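The values are calculated or read from the model by the stated rules, or taken from the named source; none is laboratory data. Keep in mind that this is a model prediction, so the values were computed, not measured. Counting neighbours? That spans all protein chains shown, and the Cβs are built from the backbone with ideal geometry, glycine included. These area figures cover heavy atoms from the full protein model, side chains too; ligands, DNA and RNA do not enter into them. Shrake-Rupley method; radii C 1.70, N 1.55, O 1.52, S 1.80 Å.
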Amino acid sequence: NADHIHVILDDGPRVAWHELNGRYVLRDLPPGDHTVEMEIVTQDDQPLDNPQSKASISFSNLPGATGTGLTGTYYQGLDFEEEVLTRLDAEVDFQWGGGSPDPAILADFFSVRWEGTLEAPLTGNYTLLTTSDDGVRLWINDELIINSWQNQSATVRQSTLFMEAGERVSVKMEYYEN
């Protein structure tokens, strides 16, 4: 009976052990090539006798970003009714749960609009991914590429964008929490 996933980075020790419905984010990786191996295991930490229970991903971590983040304007209300605060968010990667983005904002019934610029460090395809519990919309150069503006449990949406090295595109992302 499958129960957990082991995550191993670069043939090193296990870096995560979590339930199947969990999410693991690798942070602060040094630049360069990396391999992540994942294996679904039983409740008593034993490998499954199934070749499909293992996966491996290889990727390159690019040197540190030079940007400062996106400007987030936070509103009380689901449709940007009452502006409460504006701040620079270094990342748009929040897990507020039942909490609030700021003491000045209620935990529910708020919306946020982030705006800024994204620059490609290398030429290639970039996958833009959103995971949101309630509504999200994402525009690149004023083109709506992700549109999931609805009440929903945590839902993943993605879009792929080809960019040339050094190319800059405008980014606007909107989110609401009901």
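A count restricted to the range 72-97 and to residues that are of a type in the set (D, E, K, R) and out of contact with any strand residue (DSSP E or B) (no Cβ under 7 Å at 6 or more places or on another chain) stands at 2. Taken together, the residues in the range 74-100 that are over 16 Å from Gly135 (Cβ atoms) and assigned to a strand (DSSP E or B) amount to 8. Tell me which of these Ala104 doesn't satisfy, since it passes every other one: (1) of a type in the set (A, V, I, L, M, F, W, C); (2) within 16 Å of the chain's Cα centre (by Cα); (3) under 18 Å from Glu81 (Cα atoms). Of the numbered conditions (1) of a type in the set (A, V, I, L, M, F, W, C); (2) within 16 Å of the chain's Cα centre (by Cα); (3) under 18 Å from Glu81 (Cα atoms), the odd one out for Ala104 is (2).
Scanning the range 1-23 for residues that are at pLDDT below 75, under 27 Å from Asp93 (Cα atoms) and in a loop (DSSP other than H, G, I, E, B) returns Pro13, Leu20, Asn21, Gly22, Arg23.
Take the conditions out of contact with any His (no Cβ under 6 Å at 6 or more places or on another chain) and at pLDDT 90 or above and apply them to Glu119. Does it pass? No; evaluated as a whole, the condition is false for this residue.
Checked against (1) modelled with pLDDT of 75 or more; (2) under 25 Å from Ser132 (Cα atoms), Leu26 passes all but a single condition, namely (1). Checked against the criterion of being open to solvent by 60 Å² or more (accessible area, probe 1.4 Å) and at pLDDT 75 or above, the candidates Thr42, Thr68 yield just one match: Thr68.
Taken over the range 142-157, residues that are closer than 12 Å to Ser132 by Cβ and either part of a strand (DSSP E or B) or touching a Leu at 6+ places or on another chain (Cβ under 7 Å) (or both) amount to 6. Residues that are open to solvent by less than 30 Å² (accessible area, probe 1.4 Å), part of a strand (DSSP E or B), free of Cβ contacts under 8 Å to residues at least 24 places away in the same chain and hydroxyl-bearing (Ser, Thr, Tyr) do not occur anywhere in the range 111-129. The C-beta contact set for the range 147-176 (first residue closer than 20 Å to Asp79 by Cα and open to solvent by less than 40 Å² (accessible area, probe 1.4 Å), second residue assigned to a strand (DSSP E or B) and basic (Lys, Arg), distance under 9 angstrom, 6+ apart or interchain) comprises Ser148/Arg137; Ser148/Arg157; Met173/Arg113; Met173/Arg137; Glu174/Arg113; Glu174/Arg137; Tyr175/Arg113; Tyr175/Arg137.
Exactly one residue out of Asp133, Asp142 is among the charged types (D, E, K, R) and touching a residue at least 40 places away in the same chain (Cβ under 8 Å): that is Asp133.
For the structure I just gave you, tell me whether Pro103 is outside any strand (DSSP E or B) and more than 30 Å from Gly32 (Cβ to Cβ). Answer is yes for this residue.
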